[in-house]
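Before any comments, here is the structure.
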Amino acid sequence: MSDSVTEVSTLVEIQDVSQFNIMNVEISLPLQYYYKKFIFSLTPVLAIPQTSATITTEDMVITEDLESTFYFSAGISYWFNTKTTK
């Protein structure tokens with residue numbers, strides 16, 4: 001029996017990794033509603049990607065597909081009264 005080892009080497013290059021680029025721009029609108037001691041909050045966000053990554057291999061060039069994303073953050077808070085009355 002003979003053991004054979006095959007070594008495969010692939011060159012991968014990512015363009016413009018040394019330059020500063022804006023990756024994403026986000027637009028948000030924070031909303032809050034106060035009811036007695038409760039605070040209800042909602043923040044919708046639209047994320048718009050700006051710079052796509054380009055990866056070059058020996059066989060192909062791959063460019064990242066950029067799509068905008070919508071997400072939101074929601075929360076409920078309770079306000080404790082910390083003042084003491086005399």
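Accessible area per residue was computed with a 1.4 Å probe on protein heavy atoms; residue 28 scores about 70 Å².
For 61, 5, the ranking by accessible surface with the largest value first comes to 5, 61, using a 1.4 Å probe.
In sequence order, the stretch 59-66 has phi-based couplings of 9, 7, 10, 10, 10, 5, 7, 9 Hz under the Karplus curve 6.51 cos²θ - 1.76 cosθ + 1.60, θ = phi - 60°, and Gly or Pro positions carry x.
In whole percent, how big is the carbon plus sulfur part of the accessible area of the stretch 21-70, probe 1.4 Å, protein atoms only?
Numbers: 2380 of 4000 Å².
Here carbon and sulfur together make up 60 percent of the probe-accessible area.
On average, how much accessible surface per residue is there in the stretch 32-86, in Å², for a 1.4 Å probe, leaving out ligands, DNA and RNA?
Values: 4910 Å² over 55 residues.
Result: 89 Å² of accessible area for each residue.
The values are calculated or read from the model by the stated rules, or taken from the named source; none is laboratory data. This is a predicted model, so every value here is computed, not measured. Keep in mind that these areas ignore ligands, DNA and RNA; they rest on the heavy atoms of the full protein, side chains included. Shrake-Rupley method; radii C 1.70, N 1.55, O 1.52, S 1.80 Å.
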